[in-house]
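The values are calculated or read from the model by the stated rules, or taken from the named source; none is laboratory data. Since we're looking at a predicted model, the values are computed, not measured. Don't worry about glycine lacking a Cβ; one is built from the backbone with ideal geometry, like all the others, and counts go over all protein chains shown.
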Amino acid sequence: MRELAWVFNGPGLLSPAHFGSRIESDADLQNRFVRFRDVISDLDQNPRDLFEFLKQRPTGGRLGRYFENLLQYYLLHLECVTKHALNLQVREGRRTVGELDLVFKIGQTLPVHWEASVKFYLCSTESPAEAVDPQFFMGTLVHDRLDRKIKKLFESQLRLPDHPEAREKLRELGLEAPRSRAIMKGFFFYPSRTDWPRAAHPAEVSTNHLRGWWTTASRLEIPKFDQDSRYIVLPFARWLAPFDGRVEPHELIQLDELQWKVRRLFDSSWARPVNYELMIAEVAVKEETSEGPWVTERSRGNILHPKWPEHARTSLVV
C-alpha cells in the first residue's frame with residue numbers, strides 16, 4: 001500500500017518546466033489518487049484484493065514491471081476504466097518495434113497513453129560542469145543512461161501510437177489518438193563526498209526529485225544524519241518507496257557494523273560483477289513494538305563495486 005501510494009504521491013524525476021505536457025505532472029497524479037481517499041483507506045485495512053492482483057502478474061524480478069502493475073491496479077480497480085490496453089505490443093512483420101505500457105479511457109474523456117518507468121541513476125560526474133549533463137547519470141549497467149532514456153522516451157515510445165499497426169489496434173479497441181504522457185519515478189544518487197542533498201543536476205531533471213548518495217566499498221564514505229541513525233539493507237523488492245515500517249531487530253544495525261558487513265561482502269570482489277550494488281537506508285526508530293522496531297527512512301544510499309567509477313568513466317569514452 002505504501003508503494004501504491006508512492007507511485008502517485010512520490011515526486012517524478014523529469015522536469016515539468018522542461019518537458020511540459022509531455023509528462024504527467026506530480027499534481028495531476030496526486031489529484032487522481034486523492035479522489036479515492038475513502039477506498040484507499042479501506043484497502044489499507046484489508047489489502048487482500050491488491051495482493052491477489054499482484055500475485056497474478058509476475059514481474060520476473062523487474063521493478064519497472066512491478067511499477068506498471070501498481071498503475072494497472074489503480075486503473076482497473078480504482079478508476080474502473082471503461083476501455084484499456086495494457087502492454088500492447090506493436091509489430092512490423094515478425095519484429096516487435098515497441099510496446100504501449102498503458103492506454104485507457106475513462107467515461108467519455110479522450111484516451112490517455114502512459115509510458116511508465118522507474119529509474120535509479122548514479123551521478124558519475126567529476127566536475128560541476130558535468131553535473132548538468134544527462135549523459136553522466138546512469139545505472140550500474142552503464143549503457144542505461146539518462147540521455148539515452150530521454151531520447152528513447154520522447155522520440156520513440158511516446159510516438160508509438162502513431163505507428164500504423166498501433167493506430168489500427170487502438171482504433172479497434174476504441175482508444176484511437178490517445179494523449180501520450182511519460183511517468184518516470186525513482187531516485188538519483190550523488191557521490192556521498194559531495195553536498196549531495198543540494199548537488200547540481202541537468203535541466204531535464206525535476207527540482208523535486210528524490211535524492212540519495214553513493215559510495216564505493218573501498219571508500220565507505222557513508223553519511224550519518226545524527227548519532228541516533230541506524231541502517232538497514234533494502235532487498236531489491238523494496239527499492240521503490242522510501243522505507244517506513246517494521247523491521248526485525250537484527251536487521252537494524254549501527255554504522256560500524258554496516259561497514260564491517262560491506263567489507264566482508266566485497267572482500268571476495270572478484271566474485272562480484274562490477275555492476276553489483278547494495279542499497280541501504282539510513283533510518284530513525286519511530287517506535288519500539290513487540291513485533292519489532294518501526295523505522296522511517298532518513299536517506300537512501302547505494303554502495304558500489306570499487307571499480308564501478310572507473311567503469312562508468314570508461315563507458316563515456318567514444
Of the criteria (1) at pLDDT below 95; (2) within 18 Å of Gly20 (Cα to Cα), which one Arg193 fails: (2)
Residues satisfying the stated conditions in the range 159-191, i.e. part of a loop (DSSP other than H, G, I, E, B) and under 20 Å from the mean Cα position of the chain (by Cα): none
So, Asp44, is that one among the acidic types (Asp, Glu) and modelled with pLDDT under 95 or not? yes
Positions within the range 292-313 being of a type in the set (A, V, I, L, M) and either assigned to a loop (DSSP other than H, G, I, E, B) or farther than 23 Å from Phe266 by Cβ (or both), in sequence order: Val295
Candidate set: the range 305-318, residues that are out of contact with any helix residue (DSSP H, G or I) (no Cβ under 9 Å at 6 or more places or on another chain) and among the hydrophobic types (A, V, I, L, M, F, W, C); chosen: the one farthest from Thr140 (Cα to Cα): Val318
Within the range 91-109, of all residues that are among the aliphatic types (A, V, I, L, M) and modelled with pLDDT under 95, the one nearest to the chain's Cα centre (by Cα) is Val97
Find the residue count for the range 1-26, including only residues that are among the charged types (D, E, K, R) and within 20 Å of Gly212 (Cα to Cα). 3
Kindly establish whether Gly139 is at positive phi and not β-branched (Val, Ile, Thr). no
Of the residues in the range 261-291, those that are closer than 16 Å to Glu221 by Cα and in a strand (DSSP E or B) come to Glu277, Leu278, Met279, Ile280, Ala281, Glu282
Go through Ala182, Ala166 for me and flag whichever is among the aliphatic types (A, V, I, L, M), under 30 Å from Gly212 (Cβ atoms) and in the same structural domain as Glu68 (by TED's automatic domain parsing). Ala182
What is the number of the single condition among (1) among the charged types (D, E, K, R); (2) assigned by TED's automatic domain parsing to the domain that holds Phe266; (3) in contact with a Leu (Cβ under 7 Å, 6 or more places away or on another chain) that Glu176 does not meet? (2)
Before we move on, is Val274 over 21 Å from Trp196 (Cα atoms), touching a strand residue (DSSP E or B) at 6+ places or on another chain (Cβ under 7 Å), assigned by TED's automatic domain parsing to the domain that holds Ser218 and surrounded by 14 or more Cβ atoms within 10 Å (Cβ to Cβ)? no
Working carefully through the options Arg198, Arg171, Arg211, Arg263, find the one that is crowded, with 16+ Cβ neighbours inside 10 Å and not aromatic (Phe, Trp, Tyr). Arg211
Would you mind listing the helices (runs of 4 or more DSSP H) fully within the range 1-68 where at least 1 residues are buried (at least 17 other Cβ atoms within 10 Å of the Cβ) and within 16 Å of the chain's Cα centre (by Cα)? 2-9, 26-34
Of all residues being assigned to a loop (DSSP other than H, G, I, E, B) and among the polar types (S, T, N, Q) in the range 201-234, which is nearest to Met138 (Cα to Cα)? Just the residue, please. Ser206
